[in-house]
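Undergrad: There's a structure below that I have some questions on.
The values are calculated or read from the model by the stated rules, or taken from the named source; none is laboratory data. Remember, predicted model here, so these are calculated numbers, not experimental data. Reconstructed Cβ throughout: ideal geometry from the backbone, glycine too, with neighbour counts over all protein chains shown.
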Amino acid sequence: MNNIAVILAAGSGKRVGGDIPKQYMLLPDGMSVMEKAVAAFEQAPQIDGIFVVAHKSWFDTVITYSKQRQWQKFLGLIEGGAERWESSRNAVEKVRFHQQNCGVTDCNILLHDCARPFVSQCIIADVCAALENYLAVTVAIPATDTMYICRNDILTDIPPRRTLLRAQTPQAFRLSVIHEAYECASKENFTEATDDCGILRRFKPEVRIKIVAGEEENIKITFIKDLHITIG
C-alpha cells in the first residue's frame with residue numbers, strides 16, 4: 001500500500017518572529033525549514049509521494065524549491081486553512097482525490113509538521129512499518145518534566161509522569177479511516193482538536209493508535225533560537 005507524506009506548512013509561525021513564516025527561514029546548513037522537512041521524506045524509500053500544504057501566497061516559493069532541489073516525489077500543493085485541522089482536512093481530501101484519479105481505493109497518509117525538519121529516517125521507517133499492522137500511528141517521547149494541571153493559575157493536580165508522553169509528528173493513518181473521522185468532525189462542526197489523533201479519538205474511538213518512539217532531535221521549530229540548532 002502506498003505511503004503518501006503531507007508536509008503541513010501553512011502556519012504563520014508568529015512565535016518565531018521575523019518578516020516571513022518560519023518554514024521559509026534558513027537553517028545553519030543553508031536550507032529552509034521546509035526544504036529540510038521535505039528532504040527527509042524524499043530520502044525515505046518507504047515514501048511514494050509528497051504533497052505540501054502551504055498558504056496560497058507562498059505557492060511560487062514552494063514550486064521554486066521543488067525545481068531547485070529536484071523533488072522527485074513531489075505530487076503538488078494543497079492550500080492550507082486558517083487552523084491546523086483545516087489544513088489536515090484539506091490534505092486528506094486532496095490525497096483521497098489523487099488516489100481516486102490513480103484508480104487506487106486507499107493508501108496510508110503521513111501528516112508531518114513542517115516545523116519538525118529534523119525528523120529521522122528511523123522515525124519514518126518505524127511509522128511506515130507500524131502502518132502494516134495498525135490503522136493509525138503516532139510518534140511520541142517520554143515527558144521528562146513534572147506536569148501540572150491548573151485552573152485560573154491555581155495548581156489542581158499533578159498527573160503521574162510515567163503516563164505522559166510528548167507528541168511529535170508524523171501522525172499517520174489509513175486514508176479511509178482518517179477521512180471518515182474528518183467527515184464526522186465536519187458534520188458536527190468540531191474544531192477543538194489540536195492534532196489529527198485528537199480527531200480520530202473523538203470520532204473513531206474504536207481505532208487503536210499505535211505509538212512509536214520519537215527522538216529528542218525531532219524538535220519543533222517554535223522560537224527564533226531554534227533556527228540555530230544544528231543536528232547531525
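Undergrad: Restricting the search to segment 130-149, which residues are at pLDDT below 95 and acidic (Asp, Glu)?
TA: Asp145
Undergrad: Within segment 56-103, track down each residue that is part of a loop (DSSP other than H, G, I, E, B) and crowded, with 18+ Cβ neighbours inside 10 Å.
TA: Of all residues in segment 56-103, those part of a loop (DSSP other than H, G, I, E, B) come to 69-73, 80-83, 102-103.
Result: Trp71, Gly80.
Undergrad: Show me the strands (runs of 3 or more DSSP E) entirely contained within segment 104-160 in which 1 or more residues are under 22 Å from Ala9 (Cα atoms).
TA: Numbers: elements: 108-113, 136-142, 149-151, 154-157.
Correct list: 108-113, 136-142.
Undergrad: Same structure again: Can you tell me which residue among Asn108, Asn133 is under 14 Å from the mean Cα position of the chain (by Cα) and either free of Cβ contacts under 8 Å to residues at least 40 places away in the same chain or farther than 28 Å from His228 by Cβ (or both)?
TA: Values: Asn133 fails: under 14 Å from the mean Cα position of the chain (by Cα).
Among Asn108, Asn133, only Asn108 is under 14 Å from the mean Cα position of the chain (by Cα) and either free of Cβ contacts under 8 Å to residues at least 40 places away in the same chain or farther than 28 Å from His228 by Cβ (or both).
Undergrad: OK, next. Given the structure, is Ile149 more than 22 Å from Val33 (Cβ to Cβ), of a type outside the set (D, E, K, R) and surrounded by fewer than 17 Cβ atoms within 10 Å (Cβ to Cβ)? Talk me through it step by step, then tell me what you get.
TA: Working: more than 22 Å from Val33 (Cβ to Cβ): yes; of a type outside the set (D, E, K, R): yes; surrounded by fewer than 17 Cβ atoms within 10 Å (Cβ to Cβ): yes.
Taking the combined requirement at face value, the residue satisfies it.
Undergrad: Look at segment 199-232 and say how many of its residues are closer than 25 Å to Phe173 by Cα and not charged (D, E, K, R). Walk me through it before giving the result.
TA: At the first step, the residues of segment 199-232 found to be closer than 25 Å to Phe173 by Cα are 199-221.
Adding the requirement that they be not charged (D, E, K, R) leaves 199-200, 203, 205, 207, 209, 211-214, 218-219, 221.
So the count comes out to 13.
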